[in-house]
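Worksheet: the structure to be examined is printed underneath.
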Amino acid sequence: SDLLLKVIEVAKACGKIIAASNDVHYVYPHEKVYRDILVSSMGIGGVRHPLYLYNESERATYQTPKQHYKTTQEMIDDFLWLGPEKAYELVVTNTHAIAARMEEITIIPAQLFTPKIANADAHLKTLIQSRLHTLYGSSPHALISERMEKEYEAITTNGFGVIYYIAHLLVKKSLDDGYMVGSRGSVGSSFVAFLANITEVNPLPAHYRCTQCHRVEFVDDVGSGFDLEDKKCQCGCMYTVDGQDIPFETFLGFEGDKVPDIDLNFSNFYQEHAHAYTKVLFGEDNVIRAGTIGTLANKTAYGYAKGYGEDHHFPLDTKDARYAWRVS
């Protein structure tokens, strides 16, 4: 309290507004035990949390701060040692005054800022045209060429061409190094993604495709080309069956302006190499690794809890719910 009082006095002398805030680490008071366990647990490399006390006798009686999401009244109660008027000023009046001074800002711009690769759209066009001719010949069926052109136009007009091209480069790098890549989600509805080797799903209607003369026969009443019966082409070569009949709108919407969500599943052995390759493509200073909120596996959480109980010498199976402990 002496330190806080000094801060308040200095702020007042400097003409600054001072407000009370809460260092929140969990929502409800009963969740405090979870944080206590994490504070007590040993991190990677034997590192301990700053709140961990190495002295066993001090650790037995020490209580970590209450850091749940406090109500306004709880905050006021925490500062009543300054008097009710001052507590209300710090918790309510000054916080509202600061908020009133804030202008509206846009944290995340509404427009899309895609990465930059020189001539990405042109490279993508060359790539998909080459694969199209390899699979369907130099004069593909009108339905096929129109599908590709329609998708390509929607993709590049909305600035998504570079996203497709990046995905292609990452998949190609992994395949060249000997590791398969699995695509996930609605990207399988994009014929351009199929031609760019981003996905193995061909979204065209079910059809027969000849690898020799490139003749194509579409079949209307079959959902998946994999269900087609074996058949020979007029040239005598066995047909390859293909097509899953998935509309492109599934992926980029009816206007083709939905930001593509291309999920690629790299091998566990190759993930770090795929991440490193993005640094090669864009430069180390232009790449960040974004993650999700981490959770603990059941066995890991059990180990943390068990270690916490042993560290604090909790008795086993007591009637007190706060310290009931079972290890088996």
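The values are calculated or read from the model by the stated rules, or taken from the named source; none is laboratory data. Predicted model, so just to flag it, every value in this text is computed and none were measured. Glycine gets a Cβ as well: all are built from the backbone with ideal geometry, and neighbour counts include every protein chain shown. The accessibility values were calculated without ligands, DNA or RNA, using every heavy atom of the protein model including side chains. Shrake-Rupley method; radii C 1.70, N 1.55, O 1.52, S 1.80 Å.
Some observations on this one:
- Only one of the listed residues (T199, T126, T156, T211) is of a type in the set (S, T, Y) and touching a Cys at 6+ places or on another chain (Cβ under 7 Å). That residue is T211.
- Criterion: touching a residue at least 24 places away in the same chain (Cβ under 8 Å), within 21 Å of V181 (Cβ to Cβ), among the hydrophobic types (A, V, I, L, M, F, W, C) and loosely packed, with under 15 Cβ neighbours inside 10 Å - qualifying residue of F266, F251, F191, F282: F282
- Scanning the stretch 33-60 for residues that are open to solvent by 60 Å² or more (accessible area, probe 1.4 Å) and among the hydroxyl-bearing types (S, T, Y) turns up Y34, Y54, S57.
- Qualifying positions in the stretch 103-117 - open to solvent by 50 Å² or more (accessible area, probe 1.4 Å) and either at pLDDT 90 or above or of a type outside the set (A, V, I, L, M, F, W, C) (or both): E103, E104, T106, P109, Q111, P115, K116
- Those helices (runs of 4 or more DSSP H) lying entirely in the stretch 43-119 with at least 1 residues of a type outside the set (A, V, I, L, M) and touching a His at 6+ places or on another chain (Cβ under 8 Å): 56-61
- You will find that of Y69, Y28, the residue that is modelled with pLDDT of 85 or more, of a type outside the set (D, E, K, R) and over 29 Å from I8 (Cβ atoms) is Y28 and no other.
- Contacts under 7 angstrom Cβ, first residue in the stretch 60-71 being closer than 13 Å to Y34 by Cα, partner outside any loop (DSSP other than H, G, I, E, B) and not basic (K, R), 6 or more apart: T64/D36; T64/V39; K66/P29; H68/P29; H68/E31
- Any hit, the stretch 11-32, residues being in a helix (DSSP H, G or I), free of Cβ contacts under 8 Å to residues at least 12 places away in the same chain, open to solvent by 40 Å² or more (accessible area, probe 1.4 Å) and closer than 18 Å to E310 by Cα: no
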